[in-house]
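Visitor: Attaching a single structure in C-alpha cells format; questions to follow.
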Amino acid sequence: MKFLTIPGIIFYSLAIATNAYSQDPTTLKLWYTKPAANWNEALPIGNGRLAAMVFGTTAQERLQLNEETVWAGEPGNNIPKTNFNESLPELRKLIFEGKWQEAHDLAMKVAPRNPGPDNNYGMPFQTVGNLLIDFPGHANPGSYRRELDIAHATTTTRYTVGDVTFTRETIASFTGQAIVMHLTASKRKSINCTLRLNSPQKYYRVRTSGDVLMMMGTSGDHNNKKGRVRFATMVKPVVEKGELTSTDSSLVVSNANSVTIYLTIASNFRNYLDITLDENLIAKHYLDRASDRSWKDLRRSHIEYYKRFFDRVSLEIGESSPSPYPTDMRVRQFATGQDIHLVPLYFQFGRYLLISSSQPGNQPATLQGKWNDRLDPPWDSKYTININTEMNYWPAEVTALPEMHQPLFAMLKDLEVTGRESAQQLYNARGWNAHHNTDLWRITGPVDGAFYGLWPMGGAWLSQHLWQHYLYTGDAKFLKEYYPILKGAALFYNDVLQEVPNKNWLVVSPSMSPENEHHPGISISAGTTMDNQLVFDVFSNFLKAAGQLKTDKELSDTIRMKLAKLPPMMVGQHGQLQEWMEDWDKVDDKHRHISHLYGLYPSNQVSPYTAPDLFAASKNSLTYRGDQSTGWSMGWKVNWWARLLDGNRAFKLIKDQLTPAWETNAGGTYANLFDAHPPFQIDGNFGCTSGIAEMLVQSHDGALHLLPALADEWSKGKVKGLRARGGFSVDMEWEMGKVTTLVIHSALGGMLRIRSYDELNDSRLKPAQGKNTNWFYETAAIAAPIVSPNANISKPELKKVYEYDLKTTAGHAYIMTFR
C-alpha cells in the first residue's frame, strides 16, 4: 500500500498481488421496495474516512454524514486526579481478605463513576449532519427499488414519477475522498431539486459561495472537555444542460439532464495531540480534486479499488441463486430455514463494512463503525476495548483483509504512549496499559467508574492483534516495528502482578471479569480467569517475539519465571470453567459477557485434543449462559460454538442473531442488516462474519482444520480465499459435508499440517508424524487445570480426525481433488 500525502490528507494508490474470486453479484445485494423509514433501515456507505447513511426517500433524499475525526472534546488523557496510586496497597489488601464491599467502596472513591472537574471519562464520536435534497412532485412514486450492492460498494435508488424513471447512485469514493451522488432521468430536462445542509451540532453555520454549498461547525462539549474539533463540509453539484442557482443557504437545480453531486468533509484534526489543520483548505482541496473527475471515472476507480479487497474471498452455500424477496423479508424468513443463501450475504456484508470503515491511514472502526447520527450516541460510539473493538477486527486476517487491520495497529502506537501515563501514574509500573475504553484522544484511564472501568487489561487484549497478524503473515519487518508495544505490555504486567496469599500464584489486582458481578453490585476482584489468560498470552507473545528477534534475554528470563506462576484455569462444582479464582459461578447467570472463555476464542488455550477437561468445562459454561443475548454477544457465541466443533449450534446462533430486531426490540438484526445490541453496534456484524469463517477453517490448534464445524444444513458449498496462520490461503469445495476439492496457496512455504474428519487421498499428503514443525502452528503450553472434587465433567465426544503433512514452497499453489 502506498500513500500520497500532504498534511492531513491521504490519497491512495494500490498495488496488491492477490487472488481475486468471483461470486454471483446478483446474490450480493441488499434491496428494498420502500424508502428507509428510520436510520436502521438506511444503507451504509463509507471509504474509511467518510461515511453516510443513504435513506432513499423520494421527495427528500437524506444523506446522514460522518467524518471519522469529528468527536467531542479536545486532546488530553483521563488519568483521575485522585489518590489512586496511594490507595492501591489498601485496595489489594481488602481484595485478598475477601472484604468485597469495602474494596468496592474504596475503588469507587478513587475511580468514581462521575468525572471530576479535572478529568473526563471519554468523548463521543459525533455526526457531522445531513445533506438534504428536495425533489418537488416526487412524493408518490411508482416501481420503487433501492439497493446496496456490496460486490461494488454502490447504492442505487430507482423509481418512476409519471412516465419518467429517476435514478440516484451514490458512492463513498475511496479514490476521490468524497461522497458522490449521480442523478439521472429517463427523460431530458426532468431533474429539479434543492440541496441543503443542516446539523444537530450546537455551533454550525451554512452558506453558499458561487456553486458550492458549505457548512462549518465545531464539535460538542462533553463532560469537562470543550469541543474543539472544527469541521467543514462542502457540496458542489455539476449540472448537465440544466440551470444552477443559489440562495444564501441552498443550491437549486432546474431542468437538468443529469447532476453529479460531490460532497467532501475535513476537520482540523492532525493527530490525538494536534488539532491545528485548516479544515476549510483541506475540504476545498478534496472538493476540487474530486469534482475535476467525471462520475464515470470516479465510479470506475472506486469499484476497482474496492474489489481488490472484497474479491479476495467468495462463499457459496448450496446452489447460489438470487432471492426473489427483499432483504427485510429475507431476515424474517431466515429463522424458518427458507433462505440458506442469506448466510453468504451476511458474511460478505461484514467484510463490506470492514473495508468501508477501516482503511489504512484512517482511524479504527468505532462501536458503530463510522456510522452514527447522534451527538450523544450509545456508549459514546467510542472504542470499548473489553470486547467490542477487538471483535471489530476478528475478520481482518481470516477473511483476507489484513490492510483493514492497520488503523488498529496505528492506534496501538498512540496508546503505547498515552498508556505509559496510566501505567506510571496509577500503578507505578513500567510499560503501558489501557482500561476498558479509549477514544480519538487515546485516553487510557478508567472510564465509567470502578464497577465497569477498573479493568487494566484493554491494552493486553488489543496487543493480541499484533501477534495474530504476525502469525498469519510471517512479516518479520512488521514484528520488529511493533515489538516495543508487545514488550511494553509485558513490562506492565511484570511490574503489577501480585502474589496471592498462601499460594505461589501471581495475579492482576485490582481487576474484574468484564462487567459481571460475583456478589451483588460488586465486580472488583483479583486473578480473574480472563486476566490470567490475557497475561499468559502477553507473556507468551513477548517471549516468542523476543526469541524471533534475538533480543531482551534478561527480561525474557524474568518473564518466563513469572509466566510459570500464573494460576491455572479451574473447573468448578458445576463442571464449568470458573470465571473467578473462587467457585462463584451460577448456572442461571445469563450475563452477556462470558469473558472467561477468551481462552477458547479468540485465544488458543482450550483445545479438544490437548486440554479435554477445559474443552468440556468451556462447553458447560457456554451452555449455562444460554443462546439469546445482545447482538454482539450472540456473535461471539457463534465463534465459541465453532471452536467447540459444533456447527449446528453455531448455526443456531447465526439464526438467533438474524432475528428481526425491529419486531422483538431485543438482540438481533435490523432491516439493513446492522447488528442490534440493541441499539446498533457493529461488532455483532464483525463477530458473526468471523464466526462463519471459523466454522469453515480453523488454524489455531496445531493444524489447518478443514470444515471443523460445518452445520448439517451447509452440506454443499464452496469457499475461496480464506486465510490461515503461517501464510496459507484456502479454497475448498464440499459435497455431503466432505471436501471434494482443496487448493492451498503458500505465501511463506514450510510444512502445513492438515486436519480433516475424512480421509484425504493425494500422494503429496503424508500421514502426520510427531510435532508440527511449522513454527506458526505452535500450540499454547498451558498448565493442567485444577478440577473441583465436586465437578461432574465428562470427556468430550470428538469425531475421529485424520492429519496429514504437506510440504510447501513459497509462492506455490497445491490443487487436490477427492472423489
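Visitor: Quick check for you: with a 1.4 Å probe and neighbouring chains kept, what is the accessible area per residue of the chain, in Å²?
Guide: On a per-residue basis, the chain sits at 35 Å².
Visitor: Follow-up. Could you work out the longest stretch of the chain that avoids the GluC sites (Glu not before Pro) located in DSSP loops with at most 16 other Cβ atoms within 10 Å? Walk me through the intermediate numbers first.
Guide: Details: sites that count: Glu97, Glu319, Glu582, Glu759, Glu778, Glu797.
Excluding the exposed sites themselves, the longest stretch runs over 320-581.
Visitor: Could you give each residue of region 505-517 its phi-based ³J(HN,Hα) in whole Hz, using Karplus coefficients 6.51, -1.76, 1.60 with θ = phi - 60°, and x for Gly or Pro?
Guide: 10, 10, 9, 7, 8, x, 7, 6, 9, x, 6, 10, 10
Visitor: Mind checking the full-extension length gain between Asp292 and Asp475? Use 0.36 nm per residue of separation minus the Cα-Cα distance, one decimal, nm.
Guide: 62.0 nm
Visitor: I'd like the distance between the alpha-carbon centres of region 145-207 and region 439-459, rounded to an integer number of Å.
Guide: So the separation of the two Cα centres works out to 40 Å.
Visitor: Could you tell me how many degrees, from 0 to 90 and to the nearest 10, lie between the Cα long axis of helix 84-96 and the main elongation axis, the longest principal axis, of the Cα atoms of the chain?
Guide: The answer is roughly 50 degrees.
Visitor: Grab the beta carbon distance between Glu90 and Asp762, set R0 = 45 Å, and tell me the FRET efficiency rounded to 0.05.
Guide: Efficiency for this residue pair is about 0.10.
Visitor: Are any of the pairs Lys109/Lys619; Lys202/Lys382; Lys413/Lys477 more than 27 Å apart by Cα-Cα distance, and if so, which? Walk me through the numbers on the way to the answer.
Guide: Values: Lys109/Lys619 38 Å; Lys202/Lys382 20 Å; Lys413/Lys477 16 Å.
Exceeds cut-off: Lys109/Lys619.
Visitor: Mind checking the full-extension length gain between Thr26 and Arg113? Use 0.36 nm per residue of separation minus the Cα-Cα distance, one decimal, nm.
Guide: 26.3 nm
Visitor: With Kirkwood's inverse mean 1/r over C-alpha pairs for Rh, give me the Rg to Rh ratio of region 175-261, two decimals please. Each step should come with its number before you reach the end.
Guide: Working: Rg = 16.0 Å, Rh = 14.5 Å.
My calculation puts Rg/Rh at 1.10.
Visitor: Classify region 180-316 as rounded, prolate or oblate, taking a ≥ b ≥ c as the square roots of the eigenvalues of its Cα gyration tensor: rounded when a/c is under 1.5, otherwise prolate if a/b is larger than b/c and oblate if not.
Guide: oblate
Visitor: Something else now. For region 417-517, treating each Cα as an identical point scatterer without solvent, what Debye log10 I(q)/I(0) comes out at q = 0.10, 0.18, 0.19 1/Å?
Guide: Values, matching the q order: -0.31, -0.90, -0.97.
Visitor: Would you mind putting 747-757, 786-796 in packing order, based on average other-beta-carbon counts within 10 Å, highest first?
Guide: Peptide ranking by packing, descending: 747-757, 786-796.
Visitor: From the Cα trace of the chain, what convex hull volume per residue do you get, rounded to a whole Å³?
Guide: 150 Å³
Visitor: R0 = 35 Å: FRET efficiency of Ser320 with Glu797, Cβ-based, nearest 0.05?
Guide: Numbers: r = 34 Å, r/R0 = 0.97.
Approximately 0.55, to the nearest 0.05.
Visitor: For a quick check: with amide H placed at 1.01 Å from N, whose amide H comes under 5 Å from His677's, ignoring anything fewer than 5 positions away on the same chain?
Guide: The answer is Gly631.
Visitor: Can you give me the P(r) profile for region 517-612? Cα pairs, bins 5 angstrom wide beginning at 0, each as a whole percent.
Guide: Once binned at 5 Å, the Cα pair distances of region 517-612 give 2, 11, 20, 21, 18, 12, 8, 5, 3, 1.
Visitor: Okay, next question. Heavy atoms only, probe 1.4 Å: what % of the accessible area of region 232-382 goes to carbon and sulfur, would you let me know?
Guide: Carbon plus sulfur share of accessible area: 47 percent.
The values are calculated or read from the model by the stated rules, or taken from the named source; none is laboratory data. Keep in mind the model is a prediction, meaning the values are calculated, not measured. Cβ coordinates were reconstructed from backbone atoms using ideal geometry, including for glycine residues, and neighbour counts include every protein chain displayed. We work out accessible area using only protein heavy atoms, side chains counted, and drop any ligands, DNA or RNA first. Shrake-Rupley method; radii C 1.70, N 1.55, O 1.52, S 1.80 Å.
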